[in-house]
């Protein structure tokens, strides 16, 4: 085929492409969205964690600090050079325990979760409150997990995994009664299947 025929075919194709592009550009709009009219997630009523979960946290912290306290006691017994600093060490240890319990209490009170028509919300924080919002169409997998202490109190946690997430869930909702946790898992699995 002569080169001028090729050129005319190419220019004809480009002409069609340009007309299609112009047609699309005429239909394209980029209006300003009034943010005052958007729904506010702050107005959502969050469900709080089960009150027994506070006991789970306290027991977990007691176990952790028991091991740490035992290690400090053994170290102070076997290493004489630590002896002059014992008052400082045990004061610091006590302050650390008290601070951890206080911060855990604040964190426990701030945690909450909610399920809306199109997404799941999880609120948490200690000093500042953070809210994670995940649309159902991004959820890939849901897991239900029971820890040893949580199981004793009949509690479980629901982990929500999204595409591109890591090994731990993008949202981890602890301190839920096992029966309710199973219902939540079922709800989320149903939402995922509807999105497929």
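Okay, here's what the table says:
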{"read-out": "Equivalent-ellipsoid semi-axes of segment 52-108, from the Cα gyration tensor, Å, largest first", "value": "27, 12, 5"}
{"read-out": "Segment 113-195, relative contact order in percent, only Cα pairs under 8 angstrom and at least six apart counted", "value": "25"}
{"read-out": "At R0 = 41 Å, FRET efficiency that the Cβ-Cβ distance of residue 140 and residue 80 yields, to 0.05", "value": "0.15"}
{"read-out": "Modelled FRET efficiency - R0 41 Å, residue 163 with residue 87, Cβ distances, 0.05 increments", "value": "0.15"}
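Bear in mind these aren't lab numbers, they're just calculated from the coordinates by the rules spelled out. Owing to the predicted nature of the structure, the values given are computational and were not obtained by experimental measurement. FYI the Cβ positions are ideal-geometry reconstructions off the backbone, even for glycines, and counts take in every protein chain you see.
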